[in-house]
C-alpha cells in the first residue's frame with residue numbers, strides 16, 4: 001500500500017474519534033489493518049499521548065485555569081482537534097509543581113516520530129504557556145528609599161516596582177530606623193503591612209512647613225504607588241494654664257506599626273510635638289483612611305517612643321519617654337495600645353480646659369541627682385533614650401545637666417536606670433561625664449564623698465509612680481487604667 005494516512009488524521013482518531021464519524025473511522029481502521037507503517041505510526045502516537053496524559057494528570061490551580069482561558073476562550077462552541085489539544089494541555093499545567101516543558105520534550109525523546117499537524121500546534125501552545133506562567137515580577141514593596149527627590153519602592157529582589165517624585169524630601173531609606181543626628185529621633189520613611197493583608201504599604205513624613213509634603217502629616221502609599229490617605233496631627237491642647245502650645249507648629253517626629261500580641265490587628269501610632277517641646281501627642285490612625293482613632297497628651301516634650309512587652313506576658317505596651325515640665329522631671333509613660341486617652345499628670349489646677357486624667361498603665365517621674373547649687377543651669381532632667389534589654393523591663397537613659405566647677409561650663413551626663421518587668425529599679429549606672437564632674441566637686445570639697453556607681457543606689461527609692469490620684473514611691477499601676485474616670489477622647 002503506497003498511500004498513507006496523514007499524521008494529523010491519525011492524531012484525530014486518537015484524540016477525538018467521535019468527531020470523525022463512523023465511516024471515516026472505519027476507513028482508517030481498515031487501512032491500519034493492512035498498512036504496517038501507518039499502524040506503527042498510530043501505535044507510537046497512542047503510546048505518546050498515553051504517557052503525556054498520565055504524567056500531566058492532576059487538578060489545575062486557579063492560576064492555571066486563568067492561563068488556559070487566556071490561551072483558549074472556553075466560550076468556543078466548535079473546536080478543531082488542534083484546539084482540543086491546546087485546551088487539554090492548558091488545563092493540566094501546574095508550573096510551580098512540575099516542569100511541564102521538560103516532561104513534554106522527554107516524552108518526545110521516548111516516543112520519536114514525525115508530525116506536521118496538531119502535535120506541533122500543541123507543542124507551540126505548551127511553549128507559550130511555559131513562557132506566560134513564569135512568575136511575574138513581585139509587586140510587593142520590601143523597602144523604599146528617597147533619592148534626589150524621588151521615592152523608589154523595591155521588591156525583595158531589589159527591583160524597582162514604582163517611583164514617584166517627592167519634592168523637598170531629603171535622601172533617606174526605610175532601612176534606617178530613625179534620624180538621631182539632630183539630638184532627637186525622627187523617622188521619615190517605613191515599609192509596613194498596615195492592614196494585615198500580608199502586602200506592604202509605604203509610610204512617610206514630609207519635611208517642610210508647607211508644600212506638597214509637610215512635616216505635620218503622615219502619608220500612606222498603596223503598594224502600587226497611589227496615595228491611600230494622609231493623616232494630620234489634629235487638634236493640640238494647651239499645657240498648664242497657657243492658652244497656646246510652646247511653639248505654634250507641631251510636627252511628627254516618629255511613627256510605627258505594631259501588633260499588641262500575636263494574631264492581633266496592626267495598629268499605626270504617631271508621635272508629634274514641636275521638636276521635643278510641650279505638649280506631646282501620641283495618637284493612633286486608621287489604616288483604612290488615616291482618621292485619628294484615639295490619642296494621649298503629655299505635659300512636656302517627649303522624643304522617645306517604642307513598643308515592647310514590659311512584663312513578658314506576650315502583650316506589648318507603648319513606651320513614651322521625655323520630660324514632664326509641670327514637675328520638671330524626666331518621665332516615662334506606659335500605655336495600653338488599645339486604650340490610650342486623656343492627659344498626663346499635672347500639678348494641681350493645671351489640667352487643660354476640658355481635659356481629663358490619662359489612662360496610662362504606669363506613669364513614672366525620675367529623680368535628679370542631688371547636686372543642689374552645683375547642678376547646671378537647666379532646672380530639669382529628661383529621658384533621652386529607651387533601651388531594650390531583650391527581655392522584660394526597660395533600661396532608661398536620663399540626661400542630667402551638670403556644671404564643670406572649673407570653668408562653669410554646662411555638660412550633659414547620663415544616669416541609666418535598669419528597670420525589671422515589675423518596674424522596680426535593679427541598678428543605676430552613671431556615664432563618665434557624671435563621674436568626672438562629681439569627682440571634681442569632691443576634690444573641691446563640695447561633695448562629701450568620691451563618686452562611683454554605688455553613689456546612685458539611693459535614687460532607687462526616689463522614683464515616683466502615679467496611682468491615679470497622687471505620686472507614690474513604689475511601683476504602682478494607675479487605678480484609672482482599668483477603671484476610667486472619663487471615656488476615651490479623640491481630639
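Coordinate-derived values only; no laboratory data. Small disclaimer: the values here were computed from a predicted structure and weren't measured. Glycine gets a Cβ as well: all are built from the backbone with ideal geometry, and neighbour counts include every protein chain shown.
Under conditions of 4 °C and 1.567 mPa s, region 394-466 yields 99 µm² s⁻¹ as its translational diffusion coefficient, taking Rh as the Kirkwood radius over Cα pairs in the Stokes-Einstein equation.
When you restrict to C-alpha pairs under 8 Å that are six or more residues apart and normalise by the size of region 142-232, the relative contact order lands at 20 percent. Panel order for 207, 44, 261, by other beta carbons found within 10 Å of each beta carbon, from fewest to most: 261, 44, 207. Looking at region 142-232 alone, DSSP beta bridges between its own residues are antiparallel in about 95 percent of cases. Centre-to-centre separation between the Cα atoms of region 186-212 and those of region 287-347: 21 Å. Here's the picture: a label point sits 7 Å out from the Cα of residue 176 along the beta-carbon direction, and within region 145-162 the residues with their amide nitrogen under 18 Å of it are 145-154. Name the shape class, rounded, prolate or oblate, that the alpha-carbon gyration tensor gives for region 142-232, where a ≥ b ≥ c are the square roots of its eigenvalues, rounded holds for a/c under 1.5, and otherwise prolate holds if a/b is larger than b/c and oblate otherwise. Cα axes put region 142-232 in the rounded bin.
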